[in-house]
Amino acid sequence: MEFGALLVIFIVGCCIFGGIGALLGSTVNKGAAGLFLGVALGPIGWILVLLLPRGIPQSSTQSENRQDFPEEPPCERDLALDAYQIWLVKKYRIQKNEVLGKYIYKERLFATIDDVLVFVDSLERQEGAEREKFLEQEQHRKIMEAAEIDAKYRKKVIILLGLSFLYVIGYIVWDVFLK
């Protein structure tokens, strides 16, 4: 086979392998790496592209008015502890109205600090239970999503390996019979 024909086959092969690598890379937000690995390593590069880490966007679960405040208290959640009481007062921005002589939390009046602390503690416990439930659901969703993605990529890898096998067979047929 002459050099020109080999060069054309090489260039076409690089374009095919690179294109498939870029396509696979774009599924994991790594299109350029997929292109490079596909051209350089062929089907092995495709597999490496699929093994690259995927970027998962982080979702914000904190409310807007508490972004600068630590989510967890500095101590055990016990109303008898001063540190927990201070943490609740700061987190929920409990204020005392000097004119009325009462404590205010979200347009509600409370006669004593103990009343408002009991109220926000119950909110905190309810929020904690909801957070735990959300985290469990989120973990289950991620596991199901990962299983679905794995199955999808397994099919792609099998198809791509089959295509690369056909490419090699085609090259052999071209070289042996059509020379």
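The values are calculated or read from the model by the stated rules, or taken from the named source; none is laboratory data. Everything numeric here is computed off the predicted structure, so don't read it as measured data. Every residue, glycine among them, receives a Cβ derived from its backbone with ideal geometry; neighbour counts consider all protein chains shown.
Here residue 69 meets each of (1) in contact with a Lys or Arg (Cβ under 6 Å, 6 or more places away or on another chain); (2) among the aromatic types (Phe, Trp, Tyr); (3) modelled with pLDDT of 85 or more with one exception, condition (3). Among residues of region 1-59 being surrounded by fewer than 16 Cβ atoms within 10 Å (Cβ to Cβ) and of a type in the set (D, E, K, R), the one that is modelled with the lowest pLDDT is 54. Of 149, 94, all but one fail to be touching a Phe, Trp or Tyr at 6+ places or on another chain (Cβ under 9 Å) and among the aliphatic types (A, V, I, L, M); the exception is 94. Restricting to region 20-49, count the residues that are within 12 Å of residue 160 (Cα to Cα) and in a helix (DSSP H, G or I). So the answer is 10.
Being among the basic types (Lys, Arg), loosely packed, with under 14 Cβ neighbours inside 10 Å and farther than 18 Å from residue 49 by Cα is the requirement here; does residue 154 meet it? No: the conditions fail for residue 154. Summed over region 122-165, the residues that are closer than 30 Å to residue 84 by Cα and of a type in the set (Asp, Glu) give a count of 6.
A search for C-beta distances below 6 Å between a residue of region 66-84 that is farther than 15 Å from residue 128 by Cβ and any residue that is at pLDDT below 80 and surrounded by 12 or more Cβ atoms within 10 Å (Cβ to Cβ), counting only pairs 6+ apart in sequence or on different chains, returns 81/75; 83/75.
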